[in-house]
Number of protein chains: 2
Amino acid sequence: MPQPRTGRAWHLASRPVGRPRPEDFALRELPVAEPADGEVTVRNLHLSVDPYMRGRMSDVKSYVAPYAVDAPMDGGAVGEVIASRAPDRPEGTLVVHHLGWREYATLPARHTTVIPADAGGDPSGGNDISPSAHLGVLGMPGLTAWAGLLEVGGLRPGDAVFVSGAAGAVGGLVGRIARLKGASRVVGSAGTPEKIRLLTEEYGFDAAFDYHDGPIRDRLREAAPEGIDLYFDNVGGEHLEAAIGALRVHGRAVICGMISQYNATEPPAAPRNLAQVIGKRLRLEGMLVNDHNASRPRFLEEMTGWLRSGEIDNRETVVHGIDNAARAFLDLLDGGNTGKMIVTLDS
Amino acid sequence: MPQPRTGRAWHLASRPVGRPRPEDFALRELPVAEPADGEVTVRNLHLSVDPYMRGRMSDVKSYVAPYAVDAPMDGGAVGEVIASRAPDRPEGTLVVHHLGWREYATLPARHTTVIPADAGGDPSGGNDISPSAHLGVLGMPGLTAWAGLLEVGGLRPGDAVFVSGAAGAVGGLVGRIARLKGASRVVGSAGTPEKIRLLTEEYGFDAAFDYHDGPIRDRLREAAPEGIDLYFDNVGGEHLEAAIGALRVHGRAVICGMISQYNATEPPAAPRNLAQVIGKRLRLEGMLVNDHNASRPRFLEEMTGWLRSGEIDNRETVVHGIDNAARAFLDLLDGGNTGKMIVTLDS
């Protein structure tokens, strides 16, 4: 297709305080640059919206730079090269890159990753893995779940595992990987009855509970009466406190996210039972997926195998159209997704 | 000496709520049993009082059984065998054992550890290590500091280290071991100007501050302006929150004690900045010294070497007389000690 002269991109219109509002985002027209030597222009097919982006909307020092006000936002995307001045990325190549939240992106080819033809990268669609899987099960959320559980958490066969946000992109994979790796019991929490059914009836969780149903500590005790060995935290707050109480001696907590706090305007309540880490010799460890890039080849091999065998499937909540990207992100923060939240740009 | 028919022992008279009072303890006369086959009777020379004993005064499930009301308390002690029916513990042997808080104890010889003759175990006192060192620098507090810093904390040369309760039995050793093991900067907190002088002028700390002097976060920033890599926590509460703020990427916190909370009647304030463990990939890990018994020979060899070379000395606060043991323990909880708090029973 010919390269368009302009394309739309979501801009941060204002920094939210607390819960973001639609007015904090603005969809604006931008020129699409022609590729310079070594560059490609990509037409985005799928955009990723992820919880960590909430942190980037605030002007605080963090592990990722904040979004600038009145500038285009960025994030994960899958797209097709439509103009190329890089010999190893001919037109038609499907790539993953980091200039999402927009229709078109021109960037150095070396900042893109080619999707293998047999894993969603065949532009004719001649295989059964969707290219969008590289934003989810085969992408950042997948590596987060795999490396967090195995490399940070040190999952051992026989461990009892609890994961919060268990119907989300990361959490749903944590539970299913734990199952495949020999966990003795897999327990999850989520926020709707439909999600609870998904966990127990489709994902193979032994038990799951809705965190709206009373004290999390009590629900967790019912779901894992003998306690847990490993907690994978996507939520923070009351979930973490309940997990510390349920962890057995030498238990581990992988602290991956604290979505319960992302919109908080006050410092959140911290676990009041933290002193239990001494008597039970617990280990709490924070993680960022970028520390685990060296493990990506092993992760991809194992996860692609599970996808092909059907032991894990690619769950997505798909929202259509660039106009709806900001709304999809707000829905994500409210737990409106099951599996990976994807914005698909229909052509 | 002949075996006496009775001896005095401290009993728990009532369970304290909050700060223990002298009336919660009672010194009572007990019969001294004659040793059965395989047993010894020990005349205690030195008793240990330790912060962990506060937890045992409450009736809560923990890693050590609680003291029973109206029963004798126990704890570390060093004594001399005065009657023996165990061939490998002749009369005159100096031993370490766990029936402290009393003048005399009769127990199986296998529950005692013989103090080596060249490390304080010569009853004639013919060497320069005090037998009481086996309750402190060569005992449980010493192993706690050594294993916590090296095995749990994974100290690396060049690390900047912060320790709270730095003038105490464990904390003072943490700082000095860190120095000997190549820490780039050693920083401590304590509760009096005299202790601060001890840390900087005698123990070789680079900086130290009195935690009464305003926000700990600010004092720590002055003492370690470039941040820290390892925090050894004896205190909990505001200290832990400040340390989480100061820890650099991939920093570690060894959670050894939370003395600020031992008398608390409400769940304590937990660190409000716990979410920083994610961005900085921090590891918080609880420890108990009993997990590290297998390392005791290596610890003893290294620490005895430091004692002999003078690189570490045996700091004690000595209180005399069994009558004063409960008072010594209460003083310990108030920070009245420098180094190991020892109760010496003068004969």
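Quick one: Cα convex hull volume of the protein assembly as shown, Å³ per residue? Don't jump to the answer; show the numbers that get you there.
Values: hull volume 120.1 nm³, N = 694.
Taking only Cα atoms, the protein assembly as shown has a hull volume of 173 Å³ per residue.
If you average the C-alpha positions of the range B:274-304 and of the range A:251-285 separately, how far apart do those two centres end up, in angstrom?
Here the two parts' Cα centres lie 19 Å apart.
Using all Cα-Cα distances in the range B:212-333, what percent lands in each 10 angstrom bin from 0 up to the longest?
Reading the bins upward from 0: 11, 28, 33, 24, 4, 0.
A:Gln3 to A:Asp334: extension gain in nm, 0.36 nm per residue of separation minus the Cα-Cα distance?
115.5 nm
Can you tell which of A:Arg176, A:Arg185, A:Arg197 shows the greatest fluctuation in a Gaussian network model of chain A with Cα springs below 10 Å?
A:Arg197
Hey, what did the range A:140-290 get for relative contact order, percent, Cα under 8 Å, at least 6 apart? Working shown, then result.
On the way: 320 pairs, mean separation 33.2, N = 151.
Relative contact order of the range A:140-290: 22 percent.
Before anything else, pin down the relative contact order of chain B: Cα pairs under 8 Å, at least 6 apart, normalised by residue count, whole percent.
Value for chain B: 16 percent.
Cα centroids of the range B:1-49 and the range A:313-347: how far apart, whole angstrom?
If you average the Cα positions of each part, the centres end up 69 Å apart.
Just counting partner chain Cβ atoms within 10 Å, what average do the residues of peptide B:64-71 show around their Cβ?
Numbers: counts 1, 0, 0, 0, 0, 0, 0, 0.
Shielding by partners across B:64-71 averages 0.
Taking only Cα atoms and a 10 Å spring cutoff, compute GNM fluctuations for chain B and point out the largest among B:Trp146, B:Trp306, B:Trp101.
Of B:Trp146, B:Trp306, B:Trp101, the Gaussian network model singles out B:Trp306 as fluctuating most.
Can you pick out the pairs among A:Lys280/B:Lys280; A:Lys195/A:Lys280; A:Lys181/A:Lys340 whose Cα atoms lie more than 26 Å from each other?
A:Lys195/A:Lys280
Tell me the distances, shortest first, between B:Val64 and the same position across the other copies, using label points 7 Å along Cα→Cβ, in nm to one decimal.
Computed spacing set for this position: 4.7 nm.
Let me have the 222 nm mean residue ellipticity of chain A computed from DSSP H runs of 4+ only, each contributing -39500 (n - 2.57), with the sum over all residues rounded to the nearest 500. Write down the numbers at each step before the final one.
Numbers: 9 runs with 74 residues, N = 347.
It comes out at -6000 deg cm²/dmol, rounded to the nearest 500.
Shortest first and in nm with one decimal, please list how far the A:Arg21 label point sits from its counterparts in the other copies (point 7 Å along Cα→Cβ).
Nearest to farthest, the other copies are at 5.7 nm.
Per-residue counts of other Cβ atoms within 10 Å, averaged by peptide: what ranking do you get for B:14-20, B:229-235, B:51-57, A:259-265, highest first?
Peptide ranking by packing, descending: B:229-235, B:51-57, A:259-265, B:14-20.
Take the rotation relating chain B to chain A, measure from its axis to every Cβ in chain B, and name the nearest residue with the distance in whole Å.
Reported as residue, whole Å: B:Ala270, 2.
Which one, B:Val114, B:Val78, B:Val170, has the greatest fluctuation when you compute a Gaussian network model over chain B with C-alpha springs under 10 angstrom?
It is B:Val114.
So what's the range A:140-290 giving for Cα Rg divided by 2.2 N^0.38 Å, two decimals? Show your work: numbers first, answer last.
Values: Rg = 13.8 Å, N = 151, 2.2 N^0.38 = 14.8 Å.
For the range A:140-290, the normalised Cα radius of gyration is 0.93.
Within 10 Å of each Cβ of A:254-261, how many other protein chain Cβ atoms are there on average?
What the average comes to for A:254-261 is 2.
With charges set only on the Cβ (+1 for Lys and Arg, -1 for Asp and Glu), what does the dipole of chain B come to about its Cα centre, in debye to the nearest 20? Mind showing how you got there, number by number?
Working: 36 positive and 44 negative charges, 179 e Å.
That gives a dipole near 860 debye.
In a solvent-free Debye calculation with one equal scatterer on each Cα, what is log10 I(q)/I(0) for chain A at q = 0.07, 0.09, 0.12, 0.13 Å⁻¹, listed in the order of the q values?
Taking Cα atoms of chain A as identical point scatterers yields -0.30, -0.49, -0.86, -1.00.
In whole Hz and in residue order, list the ³J(HN,Hα) couplings for the range B:91-106 that follow from phi through the Karplus curve 6.51 cos²θ - 1.76 cosθ + 1.60, θ = phi - 60°; x for Gly and Pro.
Listing the rounded values in order: 4, x, 5, 8, 9, 9, 7, 10, 9, x, 6, 8, 7, 10, 9, 10 Hz.
Would you work out the charge dipole size for the protein assembly as shown about its Cα centre, treating the Cβ of every Lys and Arg as +1 and the Cβ of every Asp and Glu as -1, and quote it to the nearest 20 debye? The partial results should precede the final answer.
On the way: 72 positive and 88 negative charges, 15 e Å.
Charge dipole of the protein assembly as shown: 80 debye, to the nearest 20.
Give the longest segment of chain A that steers clear of GluC sites (Glu not before Pro) in DSSP loops with at most 15 neighbouring Cβ atoms within 10 Å, not counting the sites themselves.
On the way: sites that count: A:Glu91, A:Glu226, A:Glu311.
By the stated rule (loop sites, at most 15 other Cβ atoms within 10 Å), A:92-225.
Ordered shortest first, which distances in nm separate the 7 Å Cα→C-beta label point of A:Arg110 from those of the other copies?
Nearest to farthest, the other copies are at 6.8 nm.
Rounded to whole Å, give me the distance from the Cα center of the range B:177-201 to that of the range A:80-149.
53 Å
Taken together, the values in this text are just the output of simple stated rules run on the coordinates, not laboratory data. Remember, it's a predicted structure, so these values are computed and weren't measured experimentally. Every residue, glycine as well, gets a Cβ built from its backbone with ideal geometry; the counts of neighbours run over all protein chains shown.
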